[in-house]
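The values are calculated or read from the model by the stated rules, or taken from the named source; none is laboratory data. It should be emphasised that the depicted structure is a prediction, and the values quoted were computed from it without experimental measurement. Every residue, glycine as well, gets a Cβ built from its backbone with ideal geometry; the counts of neighbours run over all protein chains shown. In case anyone asks, the SASA skips ligands and DNA or RNA and just uses the protein heavy atoms, side chains included. Shrake-Rupley method; radii C 1.70, N 1.55, O 1.52, S 1.80 Å.
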Amino acid sequence: MSKEAFTLRLFFLLLVHGAFADQAARVLEFSRSRMEMRDDQYTTEHTSQRANHQLYMSSQDGLKEADKVSELPGQPGRAGFDQYAGYVTVNATSGKALFYYFAEATDDPSTKPLVLWLNGGPGCSSLGDGAMLEIGPFFVNSDNRTLSINRYAWNNVANMLFLESPAGVGFSYSNTTSDYDNTGDTSTAADAYTFLTNWLERFPEYKGRDFFITGESYGGHYIPQLANAILSNNNITNVTIINLKGVAIGNAYLDDSTNTRATIDYYWTHALISKETHLAVQRNCSFNGTYMAQCRNALAEADNEKGVIDPYNIYAPLCWNASNPQQLHGSVIKIVVTDFIIFPELLFPSHQMVLQAINVDPCSRYYVESYLNRPEVQRTLHANTTGLKQPWSGCSNIITPENWKDAPVSMLPSIQGLISSGVSTWLYSGDIDAVCPVTSTLYSLDILELPINSSWRPWYSDDNEVAGYVVGYKGLVFATVRESGHMVPTYQPQRALTLFSSVANTAARNKANKPLEFDQLKIPSKYGSEKQDDLREKDRVRAMPGQMEEAEFNQYAGYVTVDAKAGRALFYYFVEAPHDPLKKPLVLWLNGGPGCSSFGAGAMLELGPFSVRSDNKTLYKKQHAWNTVANMLFVDVPAGVGYSYSNTTSDYYNIGDKKTTDDAYIFLINWMKKFPEYQDHDFFITGESYAGHYIPELANLIVSNNRAINSTNIKLKGVAIGNADLHDNVTLRASFDYYWRHAMISDRVYRAIQTSCGFNETYTNDCQNAMNLANKEKGNVDDYNIYAPQCHDASNPSPSGSSDSVAFGDPCANHYVSSYLNNPEVQRALHANTTGLNYPWMDCSGLIFDNWKDSPETMLPSIKTLISSGTRIWLYSGDMDAVCSVTSTQYALDILGLPVETSWRPWRIDNEVAGYVVGYRGLVFATVRGAGHMVPYYQPRRALALLSSFLEGKLPPE
């Protein structure tokens, strides 16, 4: 391998690991110090040093009791388990000692297995990350002094041992400075083995106990190497010195070139970089040791496009101010790689996020560092007994890149060795990590070519949510953990504990499941206006029932007749802007379905001023309501949806795109007679989903009628459609591509779909069977947000469901809205259901959906027509939606073939990457990071910022 290739390979690998400023600087040193070495040297050194290592053993008498920790400073009460901490000498001559922390199981520790946890780096602390941030019994609070209990600590099911390795990491040390200058994979494995044999002498009751090794990241090196050392020494002595039963590695770094390629592929499949840049990388980078200038430039552009995000969790917020954890502001630093590349990286990015109402502080590692540097904490832990010169840090400042002497290019031969030994081997991946992504592990599994024993399927956590996916190979199990980043137990503690319990019990969870059926959405009038009375004041809503405070804006609700003869009337809800409404534009919102309520979903769930609390009676005010920047009009269309109705029953059985468009246009003409002050206002149409049909059709009708009468009846300025359904076959194909790209279905089933399904209106039995298998494999996941929880009991909601500040809100919120809108008092206040409908209010009408008569297969010709009219057009996609996925919109844009005018780049709010944007000639496409199908519901702050940019006609801010 060339010097240049080796430099770039290591640099790009550790670039994404370089989350901390010291790690980022270490990347440069690491690549420069190792680039003179050849790959074959690593394997040779690794093998020979392990074989020649002399095992050091010393007396451990009396040391166990000396290591006992009675109570940690700030500990919340007496622990229900024993905990120990201290040093084990691994080399008396050099004075090398490794620090450990041990928490016995909470119940019956004598019957539970012994589990070693190893963090990666190389050079990062298993005490600081593993025990204090991820799976240990306590977390450090933001005061840096007190602790809180980790409900999902792994010592609930096992005896947990955390080792800071090698010497120079955390509290571990050597009295011989040269040890720090000669460390690497081989010496780390040898010292860890020496540690274990001595530790078992100190804790003899654990000799012969079932033993497992777990960890993550560069633990993909440490763990297989230590496991193979244990097996080798057991064979040499013909005695089971350590009763190794299994290993489990999370988001493992296993193979250099595979990991680098997978990272770029992951960026693209998760809409972090443009198609053009991904293609440039594919064209110019072979990932086989030759990295030309074009490759380096393409990699640089990929990193520039993805922007400043936490690569360890692509949806996580960042910690910018640890002294004020709620303040996510700050600056970024740039790491400049001399001669060929510049990559922006962040200063101490978060390894935490708030998902599923798990409040993890993004600044928590600061609290850990402060806590572990307190003298009373170190005394209690029997740590730093020699007075180390350097403070404790999460990742070592003295195990530097030039000191790391050996690291195999690939650990796959070691994994194969473990498999052949019969040791239970598990790999698992949090699926929103871009550093060692799920894609990388899948590529590694492709290389291993193991036979499949148990097909890909979903696995479930104890809350009946799809927790991830699992596939059983001969000798190896691979599982994903849904909605988790690099440090799986931090982001998904309950799911991590469930998975770990399966590993420790050496049997996968085998729960019956009921897969979703994939609904293949193939949906196969005369204008006039009646004279309207001035009903505006009659439509004024003085206050909504349960409204806890007086509104700062005017709100109206009622009916507008669109066909007097048929008795057809559409229900609307209108909220003016609280400040200077006559200076603000008028924005119409349309939900899709077809047959779903713009009032119920759009106004009450997503972007209106109020939402319903879990008591079904009271409302709370939404901080990021869209009427803060515009006058918002919501209409339930067509008749039969929500409160909208017809007195002619046949209207419900003869509905489709054409009649819906006609009625929506008549509604607007008549509504503006009721509100004449808005006739000359700039007018925009927004919406989502099947509104990918409604909006272009209505917009083109407005443009056409304005031209026909040579007058601007409606002053249409632009349209914006979120997660749009634009092309039936493309949308369907993209859903399966999205499943596969997000590790929800297996390679086997995905290949079957590619082989059997042309997505061209002909769907054979083989295709249908393959799609059914895909839906069985992905399990009971909410396709509208693949990481969102589901509502299992609306009568017993989570306490977090009363504020739009929670990442995914309350999954039962639509039930509260339905109950509220069926309250007669609410209907009277809204001037709704005045005719006494013979059916309850529903968020989506099955009658309308089942009787939909006309629907173009593709809306792309309508989009082209709208572009040619000069109307502003924005498409945006929440990137967690699998129904009308970001992939689908990108495929539609490929078909349109529009020239790019502004290259793909990130857009930001409060220094966070909020998504990505690209400007085409006549159209803007933006993604919203961390959002599902209903973007304003999942990411209200980002949705409001995007709307503001759209209304101003400016790309969202950099």
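Against the set (1) 42; (2) 62; (3) 46, the structure's computed percent of Cα pairs over 39 Å apart falls on (3). Summing +1 for each Lys or Arg and -1 for each Asp or Glu among the other residues whose beta-carbon sits under 14 angstrom from that of Phe211 gives +2. Spin-label model, Asn397 to Thr240: label points 7 Å out along the Cα-to-beta-carbon direction sit 4.6 nm apart. The local environment of Arg145, defined by Cβ-Cβ distances under 11 Å, has a net charge of -1 under the rule Lys, Arg +1 and Asp, Glu -1.
Counting only protein heavy atoms and a 1.4 Å probe, the range 731-778 has 42 square angstrom of accessible area per residue. For the pair Asn654 and Asn141, what calculated FRET efficiency results from E = 1/(1 + (r/R0)^6), where r is the Cβ-Cβ distance and R0 = 51 Å, to the nearest 0.05? After rounding to 0.05, the efficiency reads 0.20. A straight line joining the Cα centroids of the range 162-180 and the range 221-235 runs 20 Å.
Quick one: grab the alpha carbon gyration tensor of the range 118-228, order the square roots of its eigenvalues as a ≥ b ≥ c, and give me rounded if a/c is under 1.5, else prolate or oblate depending on whether a/b is larger than b/c. Don't jump to the answer; show the numbers that get you there.
Details: a/c = 1.78, a/b = 1.25, b/c = 1.42.
In terms of gyration-tensor shape, oblate.
The separation of the range 545-581 from the range 643-711, counted between C-alpha centres, amounts to 16 Å.
Averaging Cα coordinates gives a centre for the range 360-412 and one for the range 818-886; these two points are 54 Å apart.
Pop a pseudo-label 7 angstrom from the Cα along the beta-carbon direction at both Ser454 and Arg941 and give the gap in nm to one decimal. With each label point 7 Å from Cα toward Cβ, the separation is 4.1 nm.
For the residues Asp894, Asp728, a 1.4 Å probe over the protein chains yields an accessible-area ranking, largest first, of Asp894, Asp728. Using the Cβ-Cβ distance between Glu205 and Asn284 with R0 set to 45 Å, the FRET efficiency from 1/(1 + (r/R0)^6) comes to roughly 0.20. The Asn710 and Asn554 beta-carbon pair, evaluated with R₀ = 30 Å, returns a calculated FRET efficiency of approximately 0.35. Electrostatic bookkeeping for Cys757 treats Lys and Arg as +1 and Asp and Glu as -1; over the other residues with beta carbon under 10 Å from its beta carbon, the sum is 0.
Over the residues of the chain, the helix contribution to mean residue ellipticity at 222 nm works out to -10000 deg cm²/dmol, using -39500 (n - 2.57) for each DSSP H run of at least 4. If I take every Cα pair under 8 Å that is 6 or more residues apart in the range 731-778, average their sequence separation and divide by the length, what percent do I get for the relative contact order? Once divided by the residue count of the range 731-778, the mean separation gives 40 percent. When cysteine pairs in the chain are screened for C-beta atoms closer than 4.7 angstrom, the residues that find no partner are Cys436, Cys884. Take the Cα of Glu901, step 7 Å toward its Cβ, do the same at Lys275, and the gap between the two points is 1.9 nm. In the range 731-778, taking the dipole from charged Cβ atoms about the Cα centre, the farthest positive-side position among Gln754, Asn775, Ala743 is held by Ala743. Placing Lys778, Lys583, Lys717 in order of accessible area, with the largest value first and a 1.4 Å probe, yields Lys583, Lys717, Lys778.
Placing unit charges on the Cβ atoms only, positive for Lys and Arg and negative for Asp and Glu, gives the chain a dipole magnitude near 660 debye about its Cα centre.
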